[in-house]
1. Among Phe72, Phe65, which is open to solvent by 10 Å² or more (accessible area, probe 1.4 Å) and modelled with pLDDT under 95?
2. Return only the number of the condition from (1) outside any helix (DSSP H, G or I); (2) under 22 Å from Lys132 (Cα atoms); (3) modelled with pLDDT of 95 or more that Met1 does not satisfy.
3. Checking Arg131 against (1) closer than 21 Å to Ser14 by Cα; (2) more than 13 Å from the chain's Cα centre (by Cα); (3) open to solvent by less than 30 Å² (accessible area, probe 1.4 Å), only one condition comes out false. Which one?
4. What is the number of the single condition among (1) outside any helix (DSSP H, G or I); (2) open to solvent by less than 60 Å² (accessible area, probe 1.4 Å) that Pro100 does not meet?
5. Has the range 75-83 got any residue that is of a type in the set (Asp, Glu) and surrounded by 15 or more Cβ atoms within 10 Å (Cβ to Cβ)?
6. Applying the selection to the range 4-47, what residues are open to solvent by less than 60 Å² (accessible area, probe 1.4 Å), hydroxyl-bearing (Ser, Thr, Tyr) and touching a residue at least 40 places away in the same chain (Cβ under 8 Å)?
7. Considering each of Leu86, Leu54, Leu79 in turn, give the residue that is aliphatic (A, V, I, L, M), part of a helix (DSSP H, G or I) and closer than 14 Å to Ala119 by Cβ.
Amino acid sequence: MKTSTYYKELKKPSWSPPGRLFGPVWTILYIIIFVSFGYAFYLFFKDTIPFIVLLPFMLNLVFNFAFTPIQFGLKNNWLASIDIILTVGTLIWALNSIYPYASWVSFANIPYVLWGMFATVLQLTITFINRKHF
């Protein structure tokens with residue numbers, strides 16, 4: 001089954017946004033992520049922050065980039081649900097860790113946190129209402 005067919009055939013809640021919204025939202029979020037996470041890496045390489053502050057940023061990128069292959073490649077809603085929870089969890093950890101060193105990074109990522117929380121509820125809802133398929 002093609003990826004686009006697979007996702008279209010899943011039952012979704014009435015409040016699920018249209019697919020065309022995801023591209024523009026993620027474009028903006030990836031710009032924020034690139035600049036703010038890049039600054040965290042810069043601070044680490046300047047020896048301004050310890051590795052433990054950088055670690056959640058690294059994990060967040062891994063979990064964030066793993067979501068699409070899990071959801072659309074493996075077509076595994078359960079694993080995608082776990083992944084998105086880890087994505088939001090590492091994001092909150094990252095922003096809490098960096099705050100004493102560069103509070104603007106935490107504030108800049110508020111849209112990412114909000115979208116991530118919304119996407120988590122959406123993914124968990126989709127997983128739950130389609131549970132008989134798995």
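The values are calculated or read from the model by the stated rules, or taken from the named source; none is laboratory data. Worth saying up front: this structure is predicted, and the values here are computed from it rather than measured. Cβ sites come from the backbone with ideal geometry, for glycine too, and all protein chains shown count toward neighbours. Surface areas here come from the heavy atoms of the whole protein model, side chains and all, with no ligands, DNA or RNA. Shrake-Rupley method; radii C 1.70, N 1.55, O 1.52, S 1.80 Å.
1. Phe72
2. In the conditions (1) outside any helix (DSSP H, G or I); (2) under 22 Å from Lys132 (Cα atoms); (3) modelled with pLDDT of 95 or more, Met1 misses (3) alone.
3. (3)
4. Here Pro100 clears every test but (2).
5. Yes, some residue in the range 75-83 is of a type in the set (Asp, Glu) and surrounded by 15 or more Cβ atoms within 10 Å (Cβ to Cβ).
6. Tyr6, Tyr7, Ser16, Ser36
7. Leu86
For (1) more than 19 Å from Phe34 (Cβ to Cβ); (2) over 10 Å from the mean Cα position of the chain (by Cα), each residue gets a yes or a no:
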site	(1), (2)
Ile82	yes, yes
Trp93	yes, yes
Ile98	no, yes
Trp104	no, yes
Tyr112	no, no
Met117	yes, no
